[in-house]
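The values are calculated or read from the model by the stated rules, or taken from the named source; none is laboratory data. From a predicted model like this one, the values you see are computed outputs, not experimental measurements. Every residue, glycine among them, receives a Cβ derived from its backbone with ideal geometry; neighbour counts consider all protein chains shown.
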Amino acid sequence: MLGEVPIGAQYADTGWFGVAATFMVMVFILYNIVRAHNRHDLFIRRIPGLNAINDAVGRATEMGKPIVMVPGLGQLDAIAVQAISIFTHVVRLAARFTTPIVLCCADPAVYTVAQEMIRDVYLQEGIEDRYDIDSVRFISDRQFAFAAGVSGLVLRDQAAACFFMGAFYAEALIFAETANSVGAIQVASSTETTQTPFFITACDYVLIGDEFYAASAYLSREPVFVGSLIGQDWSKIAIIVAIVIGVIMNTAQIGALKLNQITEAKSDAAYKQLAAPRPITMDDTTMSLMFNPQDDKTWKVERPQKPKDTADKGAGK
Amino acid sequence: MAKIIGDKLQSLPKYWLFAILFLVTSIPLFHPLSVPTPPDDGSADLYAHLMQVPAGSTILLASDWTNSTRGDSKGQFVAIIKILADRKLKAAIYSTADAQAPRVARDTIAEINAVRVKNGQPPYSQWNDWVSLGFYPSAEGQLSSIATDLRKAFASKTEQNPATGEQQDVFESPVLQKIYKLSDCALSFTITASKTSDLTVERLLHKTPLVLMVTGVMGPQTQNYYYSGQIVGLAIGVKGAYDLETLMAKGLNVPGGIVSTKIPASAPPLSNQTDVQSIGTLFYPPLQFALWLLIIMVVIGNVGMALSKMGAQSK
Amino acid sequence: MEFLAQTDPGFWFGQPETMDLRIKVIGCLVFGFVLLAVLLNVPSRWRKYIVGAITFFAGLFWILQFFWPQPLHRSPTDLPANPKEVVSFWLDDAVPVVSDFTSILTAMLTLLGIFSLLRVHLGRLFKMQKDWAFSLVLAIAFVCQATFSLWDYYDRKANPQITAGHGWHIQNYMSDLLFDGMVQQFEAAMFSMIAFYILSAAYRAFRVRSPEASVLLGAALIVMLSYMGVVTQWDGFVKSMAGSNQFLLNFQLSVIRSWIKDFVQTPSIMGIEFGIGIGTISMGLRLWLSLEKTGNI
């Protein structure tokens, strides 16, 4: 059966709203990056965990013990790069005072990038001869072998300061408790929200949620970083506004006592009359339909066909 | 005096705590106990959805766990395989999280089959009932590939056909011969202890109904997907495995079964009740004992703090 | 439009376990080394632009794949209906190929990680530096695991009749001992340690020091109690006392736990996840457009 294909139906699989929202976030970030180049009075609130970096490095220098840094267990992605970016700040401070550092990586790609970035820091400081190639190590890509390796390192070397930033999973508490047992000062951040409570319990300072992403802007005050942080804040404000509008719209549609009834409901991308009125549910609301795309199985796009002898039997949707 | 007692209560040696925990969690393993706890909504929903899948359908199963999280994940995996075997559903098993995972899955199915054969049941056989599609190091890429073109995502994978002894394309097996795209799979399961749960929701959403089975610590984060309707079932940790075993034994919203007010669907118990209760039922009581110990130690610590404060104030 | 979207077998395909495929793989490796040598000799002022260009075009593919309309209800025999669908079809067909690129890269990087590991530990071993004994253990474990696992794999491939415990030789026993007997159990033991750490951390940290800590402790206790068998006892008691009074039914542990989960825990986590998600988009955007000045913090 042929059905008319509505405009935007090609976004049936992804939902136009999600695509538009992502585009909006990108525009906010890029616009504010440009804007930040022209303005230098943009405010970032105080983040205690990042203020503690100087104290932690100072403590390690006084004690003559190493600083241990772990950029999480994830692959080379935005989280790992952000973690290593924060660590370059730590390493810059440590390099000036000849404080030993150990950066433990659980992913070979992260290890490669970390090595290059840390070497660059020593180069920029003009003390390339102090760079120890073994200060950046690949321990293991096995989660608990990595946890055992890092814990052993912290215990044997009696680390004075530990920085755990990035994607941590179950091994987060192992790291935190081990560092706690040797009396190290700890600054941690996990992008996995389930590990944040463990870090909060055991660590001295914790960056929660996107304070982790704000770190590069906070430490460097570069226009690119500050601008993108402001763009992120604009996006969050937009989400808050959408939530408030959604609450108002849903309350109006469903009714404060959930008594409103409907006589037709959307099914397979088209409104159909119901046999009998029924109470409206969350799935019937405008906000829900906007976020949950519908796909009518009867839609058909007229397309030319492949010649029979070259048709690929296995491919296609 | 109060201060001395209070200080002592706050500074109990941690090795004592470890010893007590070891004893307390070991006892229920030797003296099995029954703990009547109602199943979570996510587990009940998962069971209802799985029991409604027509016999002979294929489930896409991402087995992203290894023995490091076997306390949580193995019970979930065993429960799912038992349901699939009982209902004659087929499974295409792959992994994007850990290179060890495919072997761990195969070994676990072999354990299940050993018990099934001993009990006179047919084994859940490779090639006819399930295929192993292997490990793919890039989770993001592979999941995008599965969402776009499932046959190309698993192209060139072969397995041995037991009838002929030859290595054949997995898409010639009874498991995958009628599967051309992801929506041909009745459900997509992900049993994981890592962020592949998030990646699965990001990339496979709206292609086929999704079910996640995660470790206990990932539960709160993963619940968001269940509450928003992005996944149709969620099993969390040892409790999830225990819930599934309870539902497998008693059924959901059927006479004599578990009653759920929030999940309206009904689902019968498994037709064959032999060896239904295993890892979840075995590990759930030790979890209860550990939680009790945790509460007691927290109370002791706070009592100690209160006594220390009282003692300090009275001075 | 082909390029990446190879829908029909041709030069870029090879059948598994054939000499044709092996020759193509070796050829690609040789080409890769040649390309690497060329890139290493490129003047350093051009490197930033080459890296930026490769990053941009690699990211552009996935950006387009997300934003460009996907082909609706495409069947295996369809051809594109219009220019927009030409791009849609190409993106769809290229996804599996590009995904294979990332899988291959990830596998190659694993080799790099192994090289790093061995370099550090063999160096420590040969120079007899501090803790060299641990490095010796690692080297021996590495060689044994690799040798026996590969031997076992090829043995089982050649002799499919080998089943669990029957017809085993030394390579099968050693592979089983090293993998199932040691690696798996070590990993399970490490995960189990977390339970002990949770107990000691909770005992040390869960103190009523402030109003916020009190609320946290109270919520934690309620949630923990609600996971125990005690919930059925208390809930049964509340139901018997409440009778037809709907308000009193709210004092059931399971109801209180559901309220904490639905109205406190889940929205909090959602809020944090929104922030992290937007932060990830921001970071990804900066990496894609090479705006990220890493190392300059």
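Some points to look at:
- Residue in the stretch A:246-269 that is modelled with the highest pLDDT, counting only those that are loosely packed, with under 13 Cβ neighbours inside 10 Å and small (Gly, Ala, Ser): A:252
- Some residue of the stretch C:209-222 being within 13 Å of chain A (Cβ to nearest Cβ) and closer than 30 Å to residue A:223 by Cβ: no
- If you check B:200, B:208, B:274 for being at negative phi, in a helix (DSSP H, G or I) and not basic (Lys, Arg), only one passes: B:200.
- When the residues of the stretch B:211-229 are filtered to those that are outside any helix (DSSP H, G or I) and more than 9 Å from every other protein chain (Cβ to nearest Cβ), the one that is farthest from residue B:188 (Cα to Cα) is B:214.
- If only residues of the stretch B:147-173 that are hydrophobic (A, V, I, L, M, F, W, C), part of a helix (DSSP H, G or I) and within 9 Å of chain C (Cβ to nearest Cβ) are counted, the one that is surrounded by the most Cβ atoms within 10 Å (Cβ to Cβ) is B:147.
- Counting residues in the stretch B:246-254 that are assigned to a loop (DSSP other than H, G, I, E, B), hydroxyl-bearing (Ser, Thr, Tyr) and touching a residue at least 40 places away in the same chain (Cβ under 8 Å) gives zero.
- Qualifying residue in the stretch A:81-90 (condition: in a loop (DSSP other than H, G, I, E, B) and over 28 Å from residue A:234 (Cα atoms)): no
- Answer residue from the stretch B:122-142, given it is out of contact with any Ser or Thr (no Cβ under 6 Å at 6 or more places or on another chain) and outside any loop (DSSP other than H, G, I, E, B) and is nearest to the other protein chains (Cβ to nearest Cβ) among those: B:140
- Residue in the stretch C:153-175 that is over 30 Å from residue B:6 (Cα atoms) and within 14 Å of chain A (Cβ to nearest Cβ) present: no
- Residues (in a helix (DSSP H, G or I) and surrounded by fewer than 21 Cβ atoms within 10 Å (Cβ to Cβ)) located in the stretch A:54-78: A:54, A:55, A:58, A:59, A:61, A:62, A:63
- Within the set B:108, B:69, the sole residue that is touching a residue at least 12 places away in the same chain (Cβ under 8 Å), part of a helix (DSSP H, G or I), in contact with a Lys or Arg (Cβ under 7 Å, 6 or more places away or on another chain) and of a type outside the set (Asp, Glu) turns out to be B:108.
- Looking only at the stretch C:176-194, and only at residues there that are buried (at least 16 other Cβ atoms within 10 Å of the Cβ) and more than 10 Å from chain A (Cβ to nearest Cβ), the one that is nearest to the chain's Cα centre (by Cα): C:184
- Of the candidates A:238, A:256, A:275, A:188, the single residue that is in contact with a Cys (Cβ under 6 Å, 6 or more places away or on another chain) and either among the small types (Gly, Ala, Ser) or under 30 Å from residue A:43 (Cα atoms) (or both) is A:188.
- Residues of the stretch B:172-190 include at least one that is at pLDDT 90 or above, of a type in the set (Gly, Ala, Ser) and within 20 Å of the chain's Cα centre (by Cα).
- Meets criteria (in contact with a strand residue (DSSP E or B) (Cβ under 7 Å, 6 or more places away or on another chain) and within 14 Å of chain C (Cβ to nearest Cβ)) for residue A:273: no
- The single residue among C:53, C:94, C:58, C:81 that is within 11 Å of chain A (Cβ to nearest Cβ) and of a type in the set (Gly, Ala, Ser) turns out to be C:81.
The rows are residues; the columns are (1) more than 8 Å from every other protein chain (Cβ to nearest Cβ); (2) in contact with a strand residue (DSSP E or B) (Cβ under 6 Å, 6 or more places away or on another chain).
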position: A:168; (1), (2): yes, yes
position: A:178; (1), (2): yes, no
position: A:190; (1), (2): yes, no
position: A:205; (1), (2): yes, yes
position: A:239; (1), (2): no, no
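- Answer from A:173, A:155 - the residue that is facing chain C (nearest Cβ under 7 Å) and farther than 29 Å from residue C:108 by Cβ: A:173
- Residues satisfying the stated conditions in the stretch B:124-142, i.e. in contact with an Asp or Glu (Cβ under 8 Å, 6 or more places away or on another chain) and either hydroxyl-bearing (Ser, Thr, Tyr) or touching a residue at least 24 places away in the same chain (Cβ under 8 Å) (or both): B:126, B:127, B:131, B:132, B:135
- Every pair of residues 6+ apart whose Cβ atoms lie under 8 Å, when the first sits in the stretch B:8-19 and is over 17 Å from residue C:206 (Cβ atoms) while the second is part of a helix (DSSP H, G or I) and modelled with pLDDT of 85 or more: B:8/B:304; B:18/C:196; B:18/C:199; B:18/C:200
- Residue within the stretch A:211-224 that is in contact with a Lys or Arg (Cβ under 8 Å, 6 or more places away or on another chain), aliphatic (A, V, I, L, M) and part of a loop (DSSP other than H, G, I, E, B) present: no
- Within the stretch A:193-210, restricting attention to residues that are assigned to a helix (DSSP H, G or I) and under 18 Å from the mean Cα position of the chain (by Cα), the residue that is nearest to residue A:175 (Cα to Cα) is A:199.
- Looking across the stretch C:62-97, the residues that are within 21 Å of the chain's Cα centre (by Cα) and surrounded by 19 or more Cβ atoms within 10 Å (Cβ to Cβ) come down to C:95, C:96.
- You will find that of B:201, B:254, B:276, B:298, the residue that is aliphatic (A, V, I, L, M) and facing another protein chain (nearest Cβ under 10 Å) is B:298 and no other.
- Pair list, Cβ under 6 Å, 6 or more apart: the stretch C:35-60 residue surrounded by 12 or more Cβ atoms within 10 Å (Cβ to Cβ), other residue assigned to a helix (DSSP H, G or I): C:59/C:288
- Scanning the stretch A:78-91 for residues that are under 17 Å from residue A:169 (Cβ atoms) and more than 8 Å from chain C (Cβ to nearest Cβ) yields A:80, A:83.
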